[in-house]
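Since the structure comes first, as C-alpha cells, the remarks are kept for the end.
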Amino acid sequence: MAADQSYMADNTSERERLRALVARMSDGDLNRPMPAGWTVAAVLAHMAFWDQRVLVLLDRWERTGVEPSHEPVDEDWINDATRALCLAIPPRAAARLAADSAEATDQKVEGLTPAMRAALEADESPINLRRAAHRRQHLDEIERMIHSK
C-alpha cells in the first residue's frame, strides 16, 4: 500500500500545482505559443484529454473488468489529431477543464479497489495510474514558457 500512496501523493502534488498555475495565469499567458503549433491553453486541453481517457477507461473497466491492450497506443498521431480540437477550446475553459479533469481522474484512481489496482498494474494496461509524470512534463514546459516572457 505504501507504493500506492506514493504515486497518489505525486498525482495530488502535480494536480495542485496545475490548479495553482491555472489560477495565476492571465489570458495572455494562456494564449502564449508553445512548440509545434500549440498554445499554453491547448497544452492544458491536451492534458485534460489524457486524464479524461484514463477516467473513461476506468469507468468502463469497473463495469466490465480490465481488458488487456491488444495494440500499442501511438500518442504522436493521437496528439497530432487532437491538436486542432485543443486549439479550438476557449483558453480559460481549457484551463478549467485541465484542472477539473485532473481532480476527477485522481479521485477515481484513489477510489479503485485494491483488486482493480492490482489488475491494472499487473496487466500491460494502456493507461498509467501515475498521472503526475505527464502533468509534471507539461507544467514544466508551460512554466518555462511563461517565465521566458
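The values are calculated or read from the model by the stated rules, or taken from the named source; none is laboratory data. Since this is a predicted model, take the numbers as computed values, not measurements. Note: ideal-geometry Cβ built from the backbone for every residue, glycine included; neighbour counts use all protein chains shown.
For the stretch 90-127, give me each residue that is assigned to a loop (DSSP other than H, G, I, E, B) and either in contact with a helix residue (DSSP H, G or I) (Cβ under 6 Å, 6 or more places away or on another chain) or closer than 13 Å to MET47 by Cα (or both).
Result: ILE127, single match.
For GLU141, are the conditions met, namely being of a type outside the set (Gly, Ala, Ser), in contact (Cβ under 8 Å) with a residue 12 or more places away in the chain and not in a helix (DSSP H, G or I)?
When the stated conditions are applied, GLU141 does not pass them.
In the stretch 45-89, which residue that is farther than 25 Å from GLY111 by Cβ and not in a helix (DSSP H, G or I) is modelled with the highest pLDDT?
Filtering first and then ranking leaves ILE89.
Can you tell me which residues in the stretch 10-31 are of a type in the set (Ser, Thr, Tyr) and either in a loop (DSSP other than H, G, I, E, B) or in contact with a helix residue (DSSP H, G or I) (Cβ under 6 Å, 6 or more places away or on another chain) (or both)?
Hit for the stretch 10-31 is SER26, nothing else.
Look at ILE78 and say whether it is farther than 25 Å from ALA20 by Cβ and among the aliphatic types (A, V, I, L, M).
Yes, satisfied.
Would you please name the residue that is modelled with the lowest pLDDT, looking only at residues in the stretch 93-134 that are more than 30 Å from ASP27 (Cα to Cα) and among the acidic types (Asp, Glu)?
Out of the qualifying residues, it is ASP123.
For the stretch 131-149, name all the residues that are under 19 Å from MET8 (Cβ atoms) and crowded, with 16+ Cβ neighbours inside 10 Å.
ARG131, ALA132, HIS134, ARG135, LEU139
Looking at (1) of a type in the set (Val, Ile, Thr); (2) at pLDDT 95 or above; (3) more than 16 Å from the chain's Cα centre (by Cα), which is the only condition ILE146 fails?
Condition (2) is where ILE146 drops out.
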